[in-house]
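Step one of this worksheet: look at the structure below.
The values are calculated or read from the model by the stated rules, or taken from the named source; none is laboratory data. Keep in mind that what you see is a predicted model, and the values were worked out from it rather than measured. Cβ sites come from the backbone with ideal geometry, for glycine too, and all protein chains shown count toward neighbours.
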Amino acid sequence: MSTLSLRERIADFHATYIRCIDQDALEQWPDFFEAQCHYSVTTAENDRAGLAAGLIWANNRNMLHDRVSALRHANVYERQSYRHILGLPFITQSTPEVVEVETPFMVVRIMHDGQTDLFVCGIYRDVFKPGSDTLKLTSRRVICDSNRIDTLLAVPL
């Protein structure tokens, strides 16, 4: 059997990542990240301005676990589900130590009453350490094209 190319490994990672979210297996979501990691959701406007703060911001996997715990036990929000649609990953940098990737995405939100809307679109800017058999994110910056983000942003993108 042939070895998967780096681009195929990244595409496989994305497929598994979005399946986890779309199937509401959020307790597994932090496992896609290194212990010391960065996860943020921001707007393209804020990204262009170099503003570090995001709508969601975490700097380690424990913060991601806390977010899932809050979603399950503390936050109150309308029942909803997501469906992610991804473009092809584009490798912007690849060295033995780091792989940087940009991947466009769209997320459709399905509300409890069946209403379906385009929720958000944008780009993932990811950093992976390529050395191990299993890819894990050291950084995922979710950059949303619109600066009008629905207040129901609860579930990770």
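Exactly one of (1) assigned to a helix (DSSP H, G or I); (2) touching a residue at least 24 places away in the same chain (Cβ under 8 Å); (3) of a type in the set (Val, Ile, Thr) is unmet by Thr16. Its number?
Result: Thr16 passes all but (2).
The rows are residues; the columns are (1) out of contact with any Gly (no Cβ under 6 Å at 6 or more places or on another chain); (2) within 19 Å of Asp126 (Cβ to Cβ); (3) loosely packed, with under 14 Cβ neighbours inside 10 Å; (4) touching a residue at least 60 places away in the same chain (Cβ under 8 Å).
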{"site": "Arg48", "(1), (2), (3), (4)": "yes, yes, yes, no"}
{"site": "Ile56", "(1), (2), (3), (4)": "yes, yes, no, yes"}
{"site": "Met63", "(1), (2), (3), (4)": "yes, yes, no, no"}
{"site": "Ser69", "(1), (2), (3), (4)": "yes, no, yes, no"}
{"site": "Gln80", "(1), (2), (3), (4)": "yes, no, no, yes"}
{"site": "Arg83", "(1), (2), (3), (4)": "yes, no, no, yes"}
{"site": "Phe90", "(1), (2), (3), (4)": "yes, yes, yes, no"}
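Mind listing just one residue for me: the one in the range 94-143 that is aromatic (Phe, Trp, Tyr) and modelled with pLDDT of 95 or more and, of those, farthest from Val41 (Cα to Cα)?
Keep residues of the range 94-143 that are aromatic (Phe, Trp, Tyr), which gives 105, 119, 124, 128.
The next check asks that each one be modelled with pLDDT of 95 or more; those that pass are 105, 124, 128.
Details: Phe105: 13, Tyr124: 9, Phe128: 18 Å.
Applying the filter and picking the extreme gives Phe128.
Applying the selection to the range 51-91, what residues are part of a helix (DSSP H, G or I) and touching a strand residue (DSSP E or B) at 6+ places or on another chain (Cβ under 6 Å)?
Quick first cut of the range 51-91, residues part of a helix (DSSP H, G or I) only: 61-73.
Hits for the range 51-91 are Arg61, Leu64.
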